[in-house]
1. Cα-Cα pairs above 46 Å in the protein assembly as shown: how many percent?
2. Grab the other residues whose beta carbon is less than 10 angstrom from that of residue B:86, score K and R as +1, D and E as -1, and report the net.
3. Net charge within 15 Å of residue B:57 by Cβ-Cβ distance, Lys/Arg positive one each and Asp/Glu negative one each, not counting residue B:57 itself?
4. Straight-line reach from residue B:188: which aspartates and glutamates fall under 16 Å, measuring Cα to Cα and dropping same-chain residues less than 8 apart?
5. Calculate how steeply helix A:26-42 sits against the longest principal axis of the alpha-carbon atoms of chain A, using the helix alpha-carbon long axis, and give the answer as 0 to 90 degrees to the nearest 10.
6. Would you give the gap between the C-alpha center of segment A:187-205 and the C-alpha center of segment A:232-285, rounded to a whole Å?
7. Exceeding 28 Å between C-alpha atoms, which entries from my cross-link table qualify? They are A:86/A:372; B:29/B:159; B:283/B:323; A:308/A:427.
8. If I build a Gaussian network model for chain A, linking alpha-carbon pairs within less than 10 angstrom, which residue out of A:54, A:248, A:182 has the largest mean-square fluctuation?
Amino acid sequence: MSNPIKSLSTRELMEQLARESEGLSISDRRDFLKKGMLAAGAMTATTFAGTAAASKNLPPMEPSWGRQLGAGVVDKPYGQPSAYEKEVVRRTVPWLTAESIASISMTPIQDLKGIITPNGLVFERYHAGVAQIKPEEHRLMIHGLVERPIIFTMEDLMRFPSVSEIKFIECPANGGMEWKGAQMEALQFTHGMLSCCEWTGVPLRVLLEEAGVKPEGKWILAEGADGSHMSRSIPLEKALDDTLVVYAQNGEMLRPEQGYPLRLLNPGWEGNTSIKWLRRLEVGDKPWYHREETSKYTDLMADGRARKFTFVQETNSVITNPCPENPIVKSGLIEIEGMAWSGRGKIKQVDISFDGGVSWVPANLKGLVLDKALTRFSLVTKWDGQPWLLQSRAIDETGYVQPTLGQLREARGTNSIYHKNSIHSWKVEANGGVKNVQIS
Amino acid sequence: MFRLVKNALLATAVTTVLATPGMVSAGEKYGFGTTATAEEIQGWDIDIRPDGKGLPAGEGSVADGEELYEQLCATCHGLFGEGEGRWPVLAGGEDTLTEERPVKTVGSYWPYASTLYDYIRRAMPFTAPRSLTDDQTYQLSAYVLYLNEIVDEEFVANKDTLAAVEMPNQEGFFVDPRPDVKNNRCMKNCADPAKLQIVGTLQGVTPVGHFVEGADAPAASHQAQEEKERSLHGETVEENAADTLALTEDAIAGRETYDNACQACHSSGIAGSPKFGDKSAWKGRIDQGMPLLVEHAIKGFSGETGMMPPKGGRTDLSDEQVKKAVAYMVESSQ
């Protein structure tokens, strides 16, 4: 389903037809193969039409699954996606890092619907692999400039009244491989360090009130329990605003990849600050300047100086249909669809350009429009083989308009790695194929 | 009648229960969790700040650090901090921050020396985090600073001297000024169509086998990218003919897979893996015969020296690719 462009080779097709024609009479079979040949000839470009025409499961015939029984209840106590969706998986780009234990994978956003990322597809970012933590032996310590240093068990934390909120989480390096030029041949790699879940937990504010922050307290150090003991300094202002201490995602306890049994969530901020496997929060009067806020996650400008504490994920958007993985298969009506998100609040408007940014038309927002969450946009139009230079441009409720790549490069140069939220371009070719390009 | 009474009673009961939360006055605490003891806090409070807060007692010299570094760190970070393969570079890169390809290291980029102590203490060595003593962490911090020519060989790091080290790029950082660009919501004639420049994608550097016919799923590699970039710049890719001459076709084909998926462990022999080219480490293994070696490489293998993950942890590789990588490793190690 996810890969209509990958047509069967003629040989594969003929083999399949031969398999499916078994059991037919000789003359039926000759007929059948002839049809298959025709179909094969017609499908050189794309589509499964050839195979579909040959199937015994189509009207007027009764499909095979309607003539037999399936597996019973709890055949799979924890359900899995259909076997036909096996291409909908996280993927990585092997050369990005030395090995997979300190690396990143991307969510197949080209295949997802709505705004919620299924738990098994949320992108991964590890610095020392996935910690395997026994929940009954996990502790969260709050100390430093507080009236009463506290240690919480998971049971303690789950006694607090809980909140559930839908928020996106994005690595600030999303798209960061393309500052100098386009080089990712698929949406999964240009924008897949992005997911959105319903997160359940306790507002950090509540826990800080419990410990009693002293007046000198201005920053929080959050630290993970994994082998990297990932640590980030977070201003108290954010911690008291909307930071959550999270134990569940999309209705179930966190996945190990997402920090089971406990993680931080800083809505709208760079993913790295949302410390996974959270074990410690220290209140201090100054930031700590740890490795992940000096060596990494600082943005190097063209003049050799670097921005620090670049927390916010600014307004961004991308078209998910069509895209390199989802080419246009037929002329006619098409829904241009995509996602927009802003770390500063709600999405207000998304515009679409078909000519590389010369002229723009407004798209519609559809479904839920939530604060710091993925938001779907859509525009139904017609494609008749004309080349398009497709772009989307999002505007958030603060009035910030997603910038062009040229504007970003002019302000920052090309070595900042992080926070590339520029308008993205897809080139739609006459055969419906879609290529990643940059327009300047 | 009776029923009514019962309902009335129930109603009162419910009101009482509901009233309780209303009685939680502002500022009243839940009282969950236990008070952390000084000892508990001390064990976990590992962080260091630029002003030296958090640095423990103890000390470590450059000389002691050199020995320890070569033992624990050089396999990945290189003897001089230059970084083996794609492992991080720790030294060098002075004055490159404005260049086309800046080299950001402890010496060229990090603003504070305290970060070094903090990071080594919390995360290194990569394969055994939190295994170093406080003194060892001082030794290694001193040595990495020495590799970057920030301290001299007499330097002894302790809580006062380390906090006093001034890093070359200390003034190189400033607070995020975003939003820093201002786009307008232009709807018509926003650009001159005649002047639009379209730059295509560098092809062959991302794994697209899942949707492009004929593409090799894991073909994307560092090498592939570098070669691509070189060829774009009109340079020819240098082949080390002597290296490849003696190898079979399979082995040559397996080289790229080895570089991508196997050298992380096998080039240095970390984690108990037989080192590439080390004849004695491979002899007994090769004697088992290729089929078994290949099976171990594909399915994973726990022998006497360590654990070989299935396909080196890269399950996206085909069996064929792994087989060729084994051929390359074996032919180069006998």
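The values are calculated or read from the model by the stated rules, or taken from the named source; none is laboratory data. Just so it is clear, the structure is predicted and the values come from calculations on it, not from any experiment. Heads up, the Cβs are rebuilt from the backbone with ideal geometry, glycines too, and the neighbour counts pull from every protein chain shown. These area figures cover heavy atoms from the full protein model, side chains too; ligands, DNA and RNA do not enter into them. Shrake-Rupley method; radii C 1.70, N 1.55, O 1.52, S 1.80 Å.
1. 30
2. -3
3. Around residue B:57, the surrounding residues sum to -2.
4. A:351, A:355
5. It works out to around 50 degrees.
6. Distance between centres, Cα-based: 11 Å.
7. Violating the 28 Å Cα-Cα cut-off are A:86/A:372; B:29/B:159; A:308/A:427.
8. Maximum among the listed residues: A:54.
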